[in-house]
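What follows is one structure encoded as structure tokens, with my remarks underneath.
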Amino acid sequence: MPFVALFGLVSARSATGDRVLVVLESAATKDDYSQFWDSLQQRGFELTFKEPESKDAELVKFGEAQYDHLIMFAPTAKSFSPSISPKAILDSQFKGLNTLYILSPQLSEVQREHLREYDLEFIPSDLVLIDSFSHPSGESASTVLLPPTECAISNGAVLSDTTLTGGPIAYPSGTVHSAGLNPYLIDVLHAPKKSYIGQDKILTADETEVENAVGGKKSKDAVQTGKKASLVSALQTRDNARAGFVGSGEVFSNKYWGKTVETVDGKKVETGNAAFVTDFTRWIFQETGVVKVVSTTHFRKGETEPREMYTKKDDITFSLTLAQHVTSENGTSSWGPFHADDIQMDFTMLDPHIRTAMIEDKSSSPADATTYKAKFIAPDRHGVFKFVVEYWRPGWSYIRTSSTASVVPLRHDEYPRFITGAWPYYIAAISTSVTFLAFVALWLSLGEGDRDRKGKKKAE
């Protein structure tokens, strides 16, 4: 099912590229998600559609990445071609591939094993999320309406205010997962408080008896509700490769893309699926939340050029310039200022000797970036030090920069003429010298008088 959509007149808004590989299993009908594909193309992305076992779906060819982003829409697939196997995907993610996983309750065991690599564990295949109090009228309770004010992460880097204050997000027949202790995971969307996990059907008396006899234990083990039931998660590595996990493919379907639905209490509301999917894919494909280091420098007070060596007690200024990837209303992307009030700098040698906040310096900031500065006094210890800045906030690019400089003692001609701490020694040396001179003068004067008296006695 190869298909390539090329839009030469539109420039991609992503900071990493515009080539997208879509792995779409045969069970999914591409036309049912046409509005989603169109939204990506309108943002300047080039979509290439392949099936899970397509041999020409190569992420890497001759050592070069063929795609910048991957949409894995094959939750039930049991086998993949070697070039897009789970191992190949992980290898490409280490090299910067951004991946969107669109999942369903019918996850294959291959996909489950692959998702465990990210520390995600999904509920059994026969269970879905159910909410009897929040679903469209006339539809199954498994089509859960998620109010973003209650269920979505409040993070401006991932979701915009339009999404957070907009209509409910329809989550039809979706699976649920629990996140482990992976510190790089972000819980983007979780289940409402009144929801629960169960089977999306009403069992007859005979079926209930069979379930209790055969599968009752499995159902009793699945007791995830509220915030513990993750529906959409995101991950960003230290290399800033991003991945997203959505537990329901119907979230992207035309059926709920900007449509009006009637709730169980008779209210008509417009779904927020279009806004949510747009924001989430913008983050995954590096259109939002991207920050880069433009430059770093350090110098001594009264100077402007960096030094390889500083002297103890020098007044040092460290400067860091950051830029944020932004997209204008007309669709063009550029770099602009990045504002934050929680950036810190470490002056470290094995352990941080100095940790200080960096303050925005508007006077020296260029138009398309922001400059931060930290001023401090070099410690009274010589050695090789590093200027280190680590900025790790959920949703934003991971920033780490390091530069090296030495701190040396004063040279012999740089010490002050008199050292305050040495005054006792100065006084002792001077008093000893004065006492010695007084003693010599006294001894000489007394000695000459004795010799004169002895000479007079002999003459008599």
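Criterion applied to Tyr391, Tyr372, Tyr398 was being within 30 Å of Arg13 (Cα to Cα) and in contact with a Phe, Trp or Tyr (Cβ under 6 Å, 6 or more places away or on another chain), and the one residue passing it is Tyr398.
Restricting Lys313, Lys267 to those that are surrounded by fewer than 20 Cβ atoms within 10 Å (Cβ to Cβ), farther than 21 Å from Pro148 by Cα and over 24 Å from the mean Cα position of the chain (by Cα) reduces the list to Lys313. Of the candidates Ser34, Ser79, the single residue that is out of contact with any strand residue (DSSP E or B) (no Cβ under 9 Å at 6 or more places or on another chain) and more than 27 Å from Gly331 (Cβ to Cβ) is Ser79. The numbered conditions (1) among the aromatic types (Phe, Trp, Tyr); (2) under 25 Å from Leu164 (Cβ atoms); (3) modelled with pLDDT of 95 or more are all true for Phe122 except (2). The number of residues in the stretch 351-382 being part of a strand (DSSP E or B), modelled with pLDDT under 95 and either touching a Lys or Arg at 6+ places or on another chain (Cβ under 9 Å) or among the small types (Gly, Ala, Ser) (or both) comes to 1. Ser295 falls short of the stated requirement of being within 30 Å of Val22 (Cβ to Cβ), assigned to a strand (DSSP E or B) and hydroxyl-bearing (Ser, Thr, Tyr).
The values are calculated or read from the model by the stated rules, or taken from the named source; none is laboratory data. Since the structure is predicted, the reported quantities are computational estimates derived from the model, not experimental observations. We place every Cβ from the backbone using ideal geometry, glycine too, and count neighbours over all the protein chains shown.
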